[in-house]
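First comes the structure, then the notes that go with it.
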Amino acid sequence: MLQWQNRAREAHRLSYEVFKGPIPPGLCVCHACDTPACINPDHLFLGTKTDNNRDRDLKNRQFKKLSNAAVEAIIASDETQQALADRYGVNQGTISKIKSGARRVYANRPEKQG
C-alpha cells in the first residue's frame with residue numbers, strides 16, 4: 001500500500017491510473033504476468049472479478065491444498081518435480097518449494113487454541 005493524495009492505494013492500481021488512466025468502478029487491475037507485486041503498466045489490464053478468476057483458471061493458478069499424505073509422498077518421492085506436479089495438479093514451483101521445505105500446504109490445519 002502506498003499513500004497517494006491522502007489515500008492508501010495498492011501499488012499496481014496506482015501504476016495503472018498514472019500510466020493508463022482511471023479505473024472504472026467495479027473493475028479490477030489484473031496482472032498479465034501473474035506477479036501480484038508487479039507495477040509494470042505493460043503487464044496490467046482491466047477486468048471484472050469474473051474476468052480475473054477466468055484468467056486464473058485458464059492459467060491454472062488457483063491455490064490447491066494438498067493433503068498431509070500427499071505432501072509426505074512428494075517429499076519422499078524420487079520422481080521428477082514435473083512428474084509430481086502433473087500427478088498432483090500443481091505447478092513445478094510448488095513441488096520445488098515443498099521438497100526444499102520452503103512451503104508447506106496443510107490440508108487440515110489444526111485450530112489455534114485460545
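Points worth noting:
Residues checked against (1) over 13 Å from the mean Cα position of the chain (by Cα); (2) in the same structural domain as Tyr88 (by TED's automatic domain parsing); (3) in a loop (DSSP other than H, G, I, E, B):
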position	(1), (2), (3)
His12	yes, no, no
Ser15	yes, no, no
Val18	yes, no, no
Val29	yes, no, no
Ala37	no, no, yes
Leu46	yes, no, no
Asn53	no, no, no
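- Cβ-Cβ distances below 7 Å connect the following pairs, each with a first residue in segment 47-63 that is within 15 Å of Pro36 (Cβ to Cβ) and surrounded by 10 or more Cβ atoms within 10 Å (Cβ to Cβ), a second residue that is modelled with pLDDT under 80 and of a type outside the set (D, E, K, R), and a separation of six or more residues or different chains: Arg56/Gln62.
- In the condition set (1) at pLDDT 85 or above; (2) on the phi < 0 side of the Ramachandran plot, Gly26 is compliant with all but (2).
- Residue check, Ala70 small (Gly, Ala, Ser) and in the same structural domain as Gly101 (by TED's automatic domain parsing): yes
- Every listed requirement among (1) closer than 22 Å to Arg54 by Cα; (2) surrounded by fewer than 15 Cβ atoms within 10 Å (Cβ to Cβ); (3) in contact with a Lys or Arg (Cβ under 8 Å, 6 or more places away or on another chain) is met by Val29 save one, (2).
- For segment 67-91, filtering for residues that are touching a helix residue (DSSP H, G or I) at 6+ places or on another chain (Cβ under 6 Å) and at pLDDT below 85 leaves 1.
The values are calculated or read from the model by the stated rules, or taken from the named source; none is laboratory data. This one's a predicted model, so the numbers in the text were calculated from it and none came from an experiment. Here Cβ is always computed from backbone atoms with ideal geometry, including for glycine, and neighbour counts include all displayed protein chains.
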